[in-house]
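Single-structure report; data block below.
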Amino acid sequence: MTTNNVLASPAWSGGASPYAVGDKKLGMWLFLVSDSLTFGSLLISCMYARTASSNWPTPFPMWPSIAFASLMTFCLLTSSLTMALAVAASKRGDRAGVVKYILLTMLGGAAFIVLHAREWMHLIGEGVRPWSNPWGSPLFGASFFGLTGLHMFHVFSGVIYLGVIALGTGKGWRTHEDVEVCGLYWHFVDLVWMFIFPLIYLMSVAPK
Amino acid sequence: MTNLEHTNNRIYTWIWLYLLGLTGVELVLAYQHVFTPGMMMLVLMLLSVVKAGMIMNWFMHLGSERVTLVLTLLPPLILVLSLLFGFFPDAFRLFHLGVHQ
């Protein structure tokens, strides 16, 4: 089959671009699917442990733990909005707008990390470890630190990634696809938190 | 900025508000302890799936991609994650037996 025939053939018959996306975007989507499996397995194992335990700890009072976790959710959701606006600015070629919105996104991510680090220190101070805690099932600590730690690492990496893209866009080194792909990663980090927040925090709210 | 871009930015803002609203619903459910833990987990996870769908469709623009890409990415992921739920009857059995760790 000649090159022209391949290009003209339908997508499912080996068309040159069956997905009609760039290689970076396709690569990022495939990475996100594999990352979803990692987070999905951890979340489901946490749900399993929660369901199978009659003494699962409920250490989070509405104030301050749930209030701070809600604030963290607000930070991530707002950073997703600013990221969407950054991609929109990139699409219309507004480089200054891209840098501005990405910096706001980074601010949201940094606020999330600071608030979460504070939550970790608080729980460690109360004696929670990945293998034990003062209240009940030892799997609580493993679930909490495992899930939120992996997520926080993603947020931390994401903030650095955003910084690189903001710098590259400001200098004119980066294309629209780079900003869009970076946006996919950031929205995914937000998406994962939409599962972690209810499962880890809201399922362990202290009784009134 | 064109009219289309204005409309898109307005849509992003509305999606953000909906996501915040759904998070608020989750918070109220948790605060009021409306359901038993099992039912609560089910309701919260369903709400999370709705939120994840909104993020993928509007923020990640998956709905605007070619169907071939969506079909390559999502069904295998959903299938594999669904298979993991096959372990759950065992979790319920442990709970009803009252077995402690």
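Each reported figure results from applying straightforward, stated rules to the coordinates on display, with no laboratory input. All values reported here derive from a predicted model rather than from experimental measurement. Cβ: placed from backbone, ideal geometry, glycine included. Neighbour counts: every protein chain shown.
Relative to the longest principal axis of the Cα atoms of chain B, the long axis of helix B:88-97 makes an angle of roughly 40 degrees.
Taking a straight line from the alpha carbon of A:Lys25, these lysines sit under 16 Å away, with near neighbours fewer than eight places off in the same chain left out: A:Lys91. Taking the Cα centre of the protein assembly as shown as reference, the dipole from Cβ charges on Lys and Arg (+1) and Asp and Glu (-1) amounts to some 240 debye. Ellipticity at 222 nm from helices only: DSSP H runs of n ≥ 4 in the protein assembly as shown, each -39500 (n - 2.57), divided by the residue count, give -25000 deg cm²/dmol. Please state the shape class of the range B:1-64: rounded when a/c is under 1.5, otherwise prolate if a/b exceeds b/c and oblate if not, all from the C-alpha gyration tensor. In terms of gyration-tensor shape, oblate.
Taking amide H as placed 1.01 Å from N in the peptide plane, A:Phe60 has its amide H under 5 Å from the amide H of A:Ala206, each at least 5 places away in sequence or on another chain.
Against the longest alpha carbon principal axis of chain B, how many degrees, from 0 to 90 and to the nearest 10, is the axis of helix B:67-84 turned? That helix lies at roughly 10 degrees to the long axis. Enter the Cα centre distance for the pair the range B:1-28 and the range A:141-208, rounded to the nearest angstrom. The distance from the Cα centre of the range B:1-28 to that of the range A:141-208 comes to 19 Å. Using only the Cα atoms of the range A:17-95, build the gyration tensor, take square roots of its eigenvalues as a ≥ b ≥ c, and label the shape rounded, prolate or oblate: rounded if a/c is under 1.5, else prolate if a/b is larger than b/c, else oblate. Oblate shape, in that a/c is at least 1.5 and b/c is the bigger or equal ratio.
Normalised radius of gyration for the protein assembly as shown, please: alpha carbon Rg relative to 2.2 N^0.38 Å, two decimal places.
Numbers: Rg = 21.1 Å, N = 309, 2.2 N^0.38 = 19.4 Å.
Computed over Cα atoms of the protein assembly as shown, the ratio equals 1.08.
Say R0 is 41 Å: what FRET efficiency, to the nearest 0.05, do A:Arg129 and B:Leu83 get from their beta-carbon distance? E between A:Arg129 and B:Leu83, to the nearest 0.05, is 0.80. Relative to the compact-globule estimate of 2.2 N^0.38 Å, the Cα radius of gyration of the range A:95-149 comes out at 1.62.
With contacts taken as Cα pairs under 8 Å and at least 6 residues apart, chain A reaches a relative contact order of 30 percent.
Starting with the fewest neighbours, write out A:Ile196, A:Ile160 ranked by other beta-carbon atoms found within 10 Å of each beta-carbon.
Listed from fewest to most nearby Cβ atoms, that is A:Ile160, A:Ile196.
Sorting A:167-180, A:98-111, A:74-87 by average packing, meaning the other beta carbons within 10 Å per residue, from highest down gives A:74-87, A:98-111, A:167-180. Ellipsoid semi-axes for the range A:24-204, based on the Cα gyration tensor and the rule √(5λ), read 34, 17, 12 Å when sorted largest first.
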